[in-house]
Amino acid sequence: MHFTLSDLITDIAQNACESGAKLVELEINEKGGEFRFAVKDNGRGMTKVELEEAVDPFVTDGVKHPHRKIGLGLPFLIQTAEQSGGGWDVQSEKGRGTTATAWFDMGNVDTPPVGDLPSLFRTIFMFNEPDDIVIRRFRQLNGEEPMEYEVCRSELDEALGGLEDTGSLVLMGKYFSSLEGCD
């Protein structure tokens, strides 16, 4: 299991980044008592049969992780969403990509905490396989003003002169924290 929703999102986003995608998009929406995210890629995609196998916790293709006998990314997503009063959807087309969506009832005792979103975003931007990653964020909690932003890895990379060195990672973390209002 994952300790936080951020851990779960990292796992799904990493799969998208390893799919041969040129672009990975992450959308996170919080409104009222619901937390919803979608990870979309334009990678290899899956046939209907491959998708059925991907959501089965006891099946793995043995290629991505040769020593594993099971694959748990999507099964953990499904289990966590369902046990927390939410739901999930995975759409995929071979050669065109995959979109994994999940939503969670934040008032449900079984819903994990959201976790550290600025660290999640920084981690995802450090994945080097897709050409670009876009994060879209929306939050409107009860009684608060809505908050919305979009960040492209390619634009942040250009602004910081690269994302590989420690200074850039620190600045990126501070930037995401400021966007989230965590200064």
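The values are calculated or read from the model by the stated rules, or taken from the named source; none is laboratory data. Every value quoted in this text rests on a predicted model; they were computed, and no experiment measured them. No Cβ is skipped: glycine too gets one built from the backbone with ideal geometry, and neighbour counts run over all protein chains shown. Just so you know, the surface numbers come from the protein's heavy atoms only, side chains and all, with ligands and any DNA or RNA stripped out. Shrake-Rupley method; radii C 1.70, N 1.55, O 1.52, S 1.80 Å.
Overview of values
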| read-out | value |
| --- | --- |
| Extended-chain gain in nm, criterion 0.36 nm per residue less alpha-carbon gap, Thr4 and Ser119 | 40.2 nm |
| Correct choice for Rg and Dmax of the Cα atoms in Å that was computed from the model, options (1) 16.5, 49; (2) 22.1, 71; (3) 18.7, 65 | (1) |
| Estimated dipole of segment 72-183 in Debye, rounded to 20 [Cβ of Lys and Arg +1, of Asp and Glu -1, Cα centre] | 200 |
| Solvent-accessible area per residue, Å², over the chain with all protein chains present [probe radius 1.4 Å] | 55 |
| Beta bridges by DSSP in the chain, antiparallel share as percent, to the nearest 5 | 75 |
| Accessible area (Å², 1.4 Å probe, nearest 10) - Glu30 | 20 |
| Local electrostatic count at Leu141 - Lys and Arg +1, Asp and Glu -1, tallied over other residues with Cβ under 15 Å | -3 |
| Net charge of Cβ neighbours under 12 Å - reference Thr4; Lys, Arg +1; Asp, Glu -1 | -3 |
| Using a Förster distance of 22 Å, the FRET efficiency for Met147-Asp11 (Cβ separation, nearest 0.05) | 0.30 |
| Under 19 Å from the Cα of Lys174 - aspartates and glutamates, other chains or at least 8 residues apart | Asp116, Glu148, Glu150, Glu155, Asp157, Glu158, Glu164, Asp165, Asp183 |
| Net charge, Lys22 excluded, C-beta distance under 9 Å - Lys, Arg +1, Asp, Glu -1 | -3 |
